[in-house]
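**Student:** Shown below is the structure under consideration.
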Amino acid sequence: YTHYFSPSIRMGRCAVAAFSRWVGSQVDCMIAPTGKVRRLLLGYGLRCPVMVVPTGIDLRRFRKGLDPIRRAVLRSSLGIPAENTVLVCVGRLAEEKNIQELLKYRALLGQAPVTLLLVGGGPDRDRLEQVARDLHLEAPAVIFAGMVPPEEVPDWYRLGDLFVSASSSETQGLTYIEALASGVSALC
């Protein structure tokens, strides 16, 4: 993810490695969320122990059902027709999430009663909205819902008939677990 602060991939990686080594020299132990991140940190030359402690998710909050009235109100407030199949994507709107691919696939469906519901915000939103316009996609074919309060996220997953992701990079993939815990099948 160095492209967020350095136009040069090589320089960005060198900067991250140097910073990681410096932080590692200041601590007794470092925690990484996955084995992949641990290997990456060790590859930077860290000398402190790096322990894997996965990010916890309280799955209980995703397991309760969505009140049918609340679901209908949410769909109606977004202008989603009752007969539409909803493909929901929850997460940051960032380059590595490859949302433009989802938009292109939605465009290929033409006038099919399908809504691509994008829940979240991020640095790529303006560009993605332009991609949608260029593909002649407008509501209800695609809806940019924006950020939602964390306590409401489970409801937004359940608005979907299918969770979709075309992400080219995930450090943890928490949204996949959250979608499945919400009872929504995932197509990634």
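**Student:** Determine the share of the chain's accessible area contributed by carbon and sulfur atoms, expressed in whole percent, with a 1.4 angstrom probe.
**Tutor:** The value for the chain is 58 percent carbon and sulfur by accessible area.
**Student:** Right, another one. Can you give me the Kirkwood hydrodynamic radius for the chain, using every pair of distinct Cα atoms, in Å to one decimal? Could you put the intermediate results ahead of the total?
**Tutor:** Working: mean 1/r = 0.0541 Å⁻¹.
Hydrodynamic radius (Kirkwood, Cα only) of the chain equals 18.5 Å.
**Student:** Test of understanding: in a Gaussian network model of the chain with alpha carbons linked when under 10 Å, which of Ile69, Ile80, Ile177 would top the mean-square fluctuation ranking?
**Tutor:** Largest GNM mean-square fluctuation: Ile69.
**Student:** In whole Hz, what ³J(HN,Hα) sequence does region 70-82 give by Karplus (6.51, -1.76, 1.60; θ = phi - 60°), x for Gly and Pro?
**Tutor:** With coefficients 6.51, -1.76 and 1.60, one gets 4, 4, 5, 5, 4, 4, 5, 5, 8, x, 8, x, 4 Hz.
**Student:** Moving to a separate point now. Ignoring GluC sites (Glu not before Pro) that are buried or in helix or strand per DSSP, and keeping those with at most 15 other beta carbon atoms within 10 Å, what is the longest stretch of the chain between them?
**Tutor:** Numbers: sites that count: Glu83, Glu138.
Between exposed loop sites, the widest span is 1-82.
**Student:** Whole Å is fine, so just give me how far the alpha carbon centre of region 1-65 lies from that of region 116-134.
**Tutor:** Region 1-65 and region 116-134 have Cα centres spaced 28 Å from each other.
**Student:** Here's a follow-up. Among the chymotrypsin sites (Phe, Trp or Tyr not before Pro) within region 1-103, which fall in a DSSP loop and have no more than 13 other Cβ atoms within 10 Å of their own Cβ? Before the final figure, lay out each step's value.
**Tutor:** Working: sites: Tyr1, Tyr4, Phe5, Phe19, Trp22, Tyr44, Phe62; in loops: Tyr1, Phe5, Tyr44.
Sites meeting the loop and neighbour criteria: Tyr1, Phe5.
**Student:** Please give the helix 99-108 orientation as an angle from the longest Cα principal axis of the chain, in degrees from 0 to 90, rounded to the nearest 10.
**Tutor:** 30
**Student:** With every protein chain present, what is the per residue accessible area of region 1-70 (1.4 Å probe, Å²)?
**Tutor:** 75
**Student:** Taking amide hydrogens as modeled 1.01 Å from N in the peptide plane, which residues meet the under 5 Å criterion relative to Val114, leaving out close sequence neighbours?
**Tutor:** Amide H to amide H, under 5 Å and 5 or more residues apart or across chains, Val114 pairs with Thr85.
**Student:** Once you've got the GNM for the chain with C-alpha springs shorter than 10 Å, pick whichever of Pro149, Pro33, Pro123 has the biggest mean-square fluctuation.
**Tutor:** Highest fluctuation of the listed residues: Pro149.
**Student:** What accessible area per residue comes out for region 92-144, rounded to a whole number of Å², with a 1.4 Å probe?
**Tutor:** Computed with neighbouring chains in place, this is 51 Å² per residue.
**Student:** When Lys and Arg each count +1 and Asp and Glu each count -1, what net charge do the other residues less than 10 Å away from Leu135, Cβ to Cβ, add up to?
**Tutor:** Around Leu135, the charge tally is +1.
The values are calculated or read from the model by the stated rules, or taken from the named source; none is laboratory data. Since this is a predicted model, take the numbers as computed values, not measurements. With ideal geometry, Cβ positions are generated from the backbone for all residues, glycine too; neighbour counts draw on all protein chains shown. Keep in mind that these areas ignore ligands, DNA and RNA; they rest on the heavy atoms of the full protein, side chains included. Shrake-Rupley method; radii C 1.70, N 1.55, O 1.52, S 1.80 Å.
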